[in-house]
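Undergrad: I have a structure here, written as structure tokens, and I will follow up with some questions on it.
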Amino acid sequence: MQYKPESVSQPSRASAVMAHHRGWAFLEQGSIALIVLVLIGIVLGAYFGLKSNVNVGKESSNIQSIITSTQNLLKGSDGYTFTSGAKMMGSLIQMKALPKTMTVRGTASSGNATLYNGWGGAVTLSPVTVSGFANGFSLTYELVPQDACVQLSTQLSRVGIADAITINSTAHTNGIVTTEEASAQCSADNGSTGTNKIIFTVNS
């Protein structure tokens with residue numbers, strides 16, 4: 001009786017080559033996905049950087065517009081004779097004398113509506129006593145992101161639109177803020193929310 005060994009099937013060379021190519025295909029796909037993610041990250045970073053710069057430019061213009069409107073429309077012969085800052089802002093909103101890009105909450109015609117900046121922070125006015133009379137006012141911007149805080153305070157300092165600028169608890173009574181000072185005084189964001197308050201005081 002002769003013993004015939006059973007033939008053991010071996011994977012064909014073609015199958016091995018296919019498996020090899022399949023492995024490379026997975027690596028190639030992974031590399032492509034990684035490159036795509038990196039590119040998306042770069043694009044998003046550039047987008048948010050540009051958006052931040054646009055917001056700063058827009059809010060800088062808004063601040064100057066509010067200050068000019070307040071001086072031209074709210075000051076009488078006896079100064080800013082309002083019982084509260086809320087009434088001052090409500091009057092400007094009622095007169096439609098504010099930038100249309102800003103957010104108004106409440107009924108504009110009521111005289112009690114409120115104003116908010118592009119970061120969702122309250123924008124308020126308050127009469128300021130100068131030489132015994134309400135001859136000045138302050139404009140407060142809240143929830144300002146750190147990068148915008150540095151840029152706004154220094155840019156508007158150079159423009160000279162305010163007699164004093166306060167960053168959080170630090171007052172610059174001469175209205176001059178250097179980049180070094182602003183960088184030290186503007187606080188870091190809380191996640192994606194700004195934490196800074198900037199007050200612009202005008203004595204006229």
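Undergrad: Which order results if Met88, Met95, Met102 are arranged by neighbouring Cβ count within 10 Å, fewest first?
TA: Listing Met88, Met95, Met102 from fewest to most nearby Cβ atoms yields Met95, Met102, Met88.
Undergrad: Still on this structure, please answer the following. Which loop-located chymotrypsin sites (Phe, Trp or Tyr not before Pro) does the stretch 74-183 contain, where loop means any DSSP state but H, G, I, E or B and the Cβ has at most 15 other Cβ atoms within 10 Å?
TA: Counting only loop positions with at most 15 other Cβ atoms within 10 Å, none of the chymotrypsin sites (Phe, Trp or Tyr not before Pro) in the stretch 74-183 qualifies.
Undergrad: In nm, give the distance between the simple-model label positions of Glu180 and Thr83, each being 7 Å from the Cα along the Cα-to-Cβ direction.
TA: With each label point 7 Å from Cα toward Cβ, the separation is 4.9 nm.
Undergrad: Right, next: Are there trypsin sites (Lys or Arg not before Pro) in the stretch 66-128 that DSSP marks as loop and that have at most 12 other Cβ atoms within 10 Å, and which are they?
TA: Working: sites: Lys75, Lys87, Lys96, Lys100, Arg105; in loops: Lys75, Lys96, Lys100.
In loop regions of the stretch 66-128 (DSSP not H, G, I, E or B), the sparsely surrounded trypsin sites (Lys or Arg not before Pro) are Lys96, Lys100.
Undergrad: Right, something else. With the Cα gyration tensor of the stretch 55-203 giving a ≥ b ≥ c as the square roots of its eigenvalues, does the rule (a/c under 1.5 for rounded; else a/b larger than b/c for prolate; else oblate) give rounded, prolate or oblate?
TA: In terms of gyration-tensor shape, oblate.
Quick note: the coordinates plus some simple rules give every number you see, no bench work behind them. None of the values given here were measured: they were computed from a predicted structure. Cβ: placed from backbone, ideal geometry, glycine included. Neighbour counts: every protein chain shown.
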